[in-house]
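Worksheet: one structure, shown below.
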Amino acid sequence: MISGNETFTRREIMRASTWTFVKASWKGGTRFVVENRDGGRLTLVARPPDGDTHRHFSMVDAFISSLASCTGTNVILLLDESGVTPRSFTVKAECVFRHDEPRVFEKIHLIFLVSGDIGEDVVREAVRRSVTAVCPIAVTLGRSVGITWDLRMKRK
């Protein structure tokens, strides 16, 4: 485990199958600009300044969005491997987040909304694999908080 002033060694980086680099730069108040290794940027705000009417993404929103996007991406890729493509596909995340310390997620429920001429069993298996084995965010988070999910299919 890395803590304090420790950094990853080149050997540790080379052993990893994927290395992710993200930098978060403080911009005042509770605003951070997050930049990935490719230069993509996202502004996150824990609490908007008084009088600010702009819509902001909080750090928690970004975290849960990553979970929904990761599981969704992997479902789409798994369906593609099976030779099927949904007409529409959405992942909703419902969470219970504890505001007292320790500030943790107590429950996370993902809802997969899928339409198209696809067999439900194929989609259900893709969702199960994504949540339990393929999406690293879901697998890691699932070790500390139970992630439940529902599949809602609409034939079109």
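Does the stretch 59-154 come out rounded, prolate or oblate, given a ≥ b ≥ c as the square roots of the eigenvalues of its C-alpha gyration tensor, rounded meaning a/c under 1.5 and, failing that, prolate meaning a/b above b/c? Prolate.
Can you give the extra length, in nm with one decimal, that the chain gains between residue 61 and residue 145 once fully stretched, where that is 0.36 nm per residue apart less the Cα-Cα distance?
Additional length available on full extension: 28.6 nm.
Taking a point 7 Å from the Cα of residue 82 along the Cα-to-Cβ direction, the residues of the stretch 126-149 with backbone N closer than 14 Å to it are 126-131.
Counting only aspartates and glutamates at least 8 places from residue 154 when in the same chain, those with an alpha carbon closer than 20 Å to its own are 80, 117, 120, 121, 125. If the segment from residue 97 to residue 121 were pulled out straight at 0.36 nm per residue, it would be longer than the present Cα-Cα gap by 5.5 nm.
Values in this text are rule-based calculations from the coordinates and carry no lab data. As the structure is a prediction and not an experimental result, all values here were calculated from the model. A quick note on method: Cβ atoms are made from the backbone with ideal geometry, for glycine too, and the neighbour counts reach across all protein chains shown.
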